[in-house]
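Enquirer: Here it is: the structure, laid out below.
Derivation of every value follows stated rules applied to the coordinates shown; laboratory data play no part. Computed from a prediction, not measured in an experiment: that's the story for all the values here. As a convention, Cβ positions derive from the backbone with ideal geometry for all residues, glycine included, and neighbour counts pool all protein chains shown.
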Amino acid sequence: SLYPVEGVLSSMFPSLSVLGAAVVMDSASYSKLSFLCWNVQGLGDADKCNVVRNAIHTVNPVLACIQESKLDFVDLGIVHQCCGQEFNEFTFAPAVGTRGGIILAWKGDKFNPPHININANFIAAHG
């Protein structure tokens with residue numbers, strides 16, 4: 001089952017568009033995996049990172065997908081700044097010029113994808 005939470009975020013952070021956020025219930029194991037997927041339209045300044053981190057903290061997802069980061073390099077320090085300290089695992093697809101940039105970050109104690117495929121246009125985490 002998929003439980004959308006876009007309305008919660010868009011009412012709290014009206015200046016930023018949320019692409020998708022949901023809680024996924026795995027009926028086989030009855031476990032929850034919450035995720036946030038967001039087109040942030042650039043993470044070039046500290047104020048934007050603060051807004052993104054506050055929104056992620058509010059939703060409290062296990063997995064965060066940040067799209068259009070516009071960053072050509074991402075390290076754990078950037079992930080912690082924009083997502084929070086509890087996001088201790090990540091991968092990214094770099095921006096090309098001023099286009100793209102995807103960050104996929106997750107809480108390693110709650111989610112560990114066995115396979116990750118990275119392309120300029122997408123990141124797939126699957127198992």
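Enquirer: For Phe111 and Ala46, what does the FRET efficiency come to when R0 = 25 Å and r is the distance between their Cβ atoms, rounded to the nearest 0.05?
Expert: With R0 = 25 Å, the Cβ-Cβ based efficiency is 0.35.
Enquirer: Something else: Taking θ = phi - 60°, what integer Hz values does the Karplus form 6.51 cos²θ - 1.76 cosθ + 1.60 yield along region 111-124, in sequence order, with x for Gly and Pro?
Expert: With the stated coefficients, region 111-124 comes to 8, 8, x, x, 10, 10, 10, 10, 9, 4, 10, 7, 10, 10 Hz.
Enquirer: Compute the FRET efficiency between Asn60 and Arg99 as 1/(1 + (r/R0)^6), taking r as their Cβ-Cβ distance and R0 = 35 Å, and round to the nearest 0.05.
Expert: It comes out at approximately 0.70.
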